[in-house]
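The structure appears below as structure tokens.
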Amino acid sequence: MKVNGNDLSIETLKEKTINSLFETLNIEKKTVVLEINHEIIVKEDYNKVELRDSDIIEIIHFVGGGWKKH
């Protein structure tokens, strides 16, 4: 899969969930928005969505005064 333009093997995740992705990348999910294949995923669905090797994921991190790509 691609995360913010970088290749990441799905095999590095404990589970194929967004929460596991955040844990692996050491990302605090409270301050980010996640998009998979051009669709924003709501936080309530982070443990329900199963990630696939073909997914294109964008993680946007909110910071004071705006946002930045994580």
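First compute the accessible area of the chain with a 1.4 Å probe, then give the percent of it belonging to carbon and sulfur atoms.
Working: 2390 of 4770 Å².
The nonpolar share, carbon plus sulfur, comes to 50 percent.
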### Query
What trypsin sites (Lys or Arg not before Pro) in the chain are in a loop by DSSP, with at most 13 other Cβ atoms within 10 Å of the Cβ?
Lys14, Lys48, Arg52
### Query
Probe 1.4 Å, all protein chains in place: accessible area of Ser54 in Å², nearest 10?
90 Å²
### Dipole-positive endmost among Ile57, Met1, Asn19 within the range 1-63 (Cβ charges, Cα centre)
Asn19
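Report the gain in length on full extension from Val32 to Lys16: 0.36 nm times residue separation, minus Cα-Cα distance, nm rounded to one decimal.
Values: separation 16, 0.36 × 16 = 5.76 nm, distance 1.87 nm.
Taking 0.36 nm per residue and subtracting the Cα distance, the gain is 3.9 nm.
Over the chain, give the accessible area per residue in Å² for a 1.4 Å probe, as an integer. Show your work: numbers first, answer last.
Numbers: 4770 Å² over 70 residues.
Each residue of the chain exposes 68 Å² on average to a 1.4 Å probe.
Could you order Phe22, Phe62 by accessible surface area, starting with the largest, using a probe radius of 1.4 Å? Can you show the working numbers first?
Values: Phe22 5, Phe62 100 Å².
The ranking, largest first, comes out as Phe62, Phe22.
Are there any GluC sites (Glu not before Pro) in the chain that are in a DSSP loop and have at most 16 other Cβ atoms within 10 Å? List them by number. The partial results should precede the final answer.
Numbers: sites: Glu11, Glu15, Glu23, Glu28, Glu35, Glu39, Glu44, Glu50, Glu58; in loops: Glu15, Glu28, Glu50.
Answer in residue order: Glu15, Glu28, Glu50.
The values are calculated or read from the model by the stated rules, or taken from the named source; none is laboratory data. Everything numeric in this text was worked out from a predicted model, so none of it was measured. Glycine also receives a Cβ, built like all others from the backbone with ideal geometry; neighbour counts cover every protein chain displayed. Side chains are part of the model used for accessible areas, which takes the heavy atoms of the whole protein and leaves out ligands, DNA and RNA. Shrake-Rupley method; radii C 1.70, N 1.55, O 1.52, S 1.80 Å.
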